[in-house]
Structures are given as C-alpha cells and as structure tokens.
Amino acid sequence: KIDVTLNTGHAITAYLGFEKGLPTIRDAIESAEIRTVVKAAMEESGAVLIRRYGFDPSKHAAYIEKILGRFANPFIRDDVARVGREPLRKLGKGDRLIRPLLGTLEYSLPHENLIKGIAAALHYRNDSDPQAVEMQATIADVGVAAAVDRFSGNALPREVLAEIGAAAQI
C-alpha cells in the first residue's frame with residue numbers, strides 16, 4: 001500500500017523531468033520546481049493512505065523524505081525514459097497516477113499536484129515505447145479528456161477530466 005506513494009512520486013518525477021528535457025530522475029528531482037510538485041503529489045497520495053489505513057502522518061512524511069533522498073542519490077542513474085515508459089498502464093484506474101487521484105476524490109482531499117503529474121504524463125513522447133505512441137495518437141484523435149477517460153477506464157468524473165485537460169494544455 002505504501003508503495004503507491006513511491007511509485008506515484010517516481011512516475012511524476014519522470015514525466016516532469018521529461019517535460020524539462022532532463023535525462024535522469026536525479027536531475028529532475030534536483031529541480032526545485034519539480035521537487036515541490038513531486039513532494040506535494042506524494043503528500044496528496046499519502047493523505048489517502050493516512051485516511052484509509054490509519055498510517056501515522058509523521059512516519060509517512062519521513063517516508064516521503066526518504067524517497068526524495070533516494071531519487072536524488074548520485075550513485076543511482078535512473079533514466080526518465082525508463083521510468084516514464086508504459087504510460088497507458090500508469091494512467092490505468094488501478095495504477096500509480098489515477099488510483100491515488102481516485103482516493104483523493106473519495107475523501108474530498110486536495111489533488112492539484114496529482115493533476116499536474118497526470119498532465120505531465122500526457123506530454124510523454126517516446127517513439128520506442130508503443131504505449132507512448134498509442135497515447136499520443138489517441139490524444140490527437142479524441143482530445144485529452146476523452147483520451148484520459150479511455151485510459152482510466154471511465155473512472156474519473158467529467159470535472160476532473162476537465163481539470164486534467166486544462167493542466168495538460170495539449
């Protein structure tokens with residue numbers, strides 16, 4: 001359960017890093033702007049876990065800091081292209097981007113930074129990743145909201161799809 005926080009943060013770091021042309025997770029998380037969004041998105045995801053499973057908020061905050069430190073580890077080279085691959089899976093109802101967002105909606109919790117991360121995922125382009133190619137083709141064909149609706153298995157309310165569309169500005 002707690003791995004949702006890690007996986008969510010890892011994916012969002014990759015997608016925001018990709019948008020900025022940064023090659024590695026470390027490069028991305030060292031950007032103050034990206035780190036702020038990633039940390040806040042992990043806190044939003046964590047708020048769901050705290051609410052749903054009674055996690056200790058201070059222990060979860062420490063876990064987030066540990067993850068951020070791991071992302072910044074200079075001895076680990078983790079390419080944003082590797083972490084970002086298979087975006088359609090990551091935009092699925094039960095995976096690292098949509099699942100925590102659904103939890104925030106269930107508990108009426110903030111989700112602004114999760115939306116930013118999802119919007120960044122929609123910008124991911126990688127010609128050697130069939131899912132990235134399919135994602136871009138679907139967005140071009142039906143538009144952002146309809147594409148995300150399809151990717152997420154029709155899991156999100158119309159107003160949240162509109163939020164994602166506005167944030168993605170594709």
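Net charge near Q169: determine it from the other residues with C-beta under 13 Å of the C-beta of Q169, scoring Lys and Arg +1 and Asp and Glu -1. Taking every Cβ under 13 Å from that of Q169, the sum is -1. A straight chain from D127 to E106 at 0.36 nm per residue would run longer than the Cα-Cα distance by 4.0 nm. Computed from the C-beta positions of R89 and A166, the FRET efficiency with R₀ = 22 Å rounds to 0.35.
Using the Cα atoms as the points, what is the convex hull volume per residue of the chain in Å³? Convex hull of Cα atoms, per residue: 98 Å³.
Near the amide H of T24, within less than 5 Å, lie the amide hydrogens of V80, all on another chain or at least 5 residues away, with H placed in the peptide plane.
Applying 0.36 nm per residue to the separation of E65 and T36 and subtracting their alpha-carbon distance, the gain on full extension is 9.3 nm. Put simply, when 41-51, 67-77, 128-138 are sorted by average Cβ atoms within 10 angstrom per residue, most first, you get 41-51, 128-138, 67-77.
A short reminder: the numbers here are calculations on the coordinates, not readings from a lab. Keep in mind that what you see is a predicted model, and the values were worked out from it rather than measured. In this analysis, Cβ positions are derived from the backbone assuming ideal geometry, glycine residues included, and neighbour counts consider all displayed protein chains.
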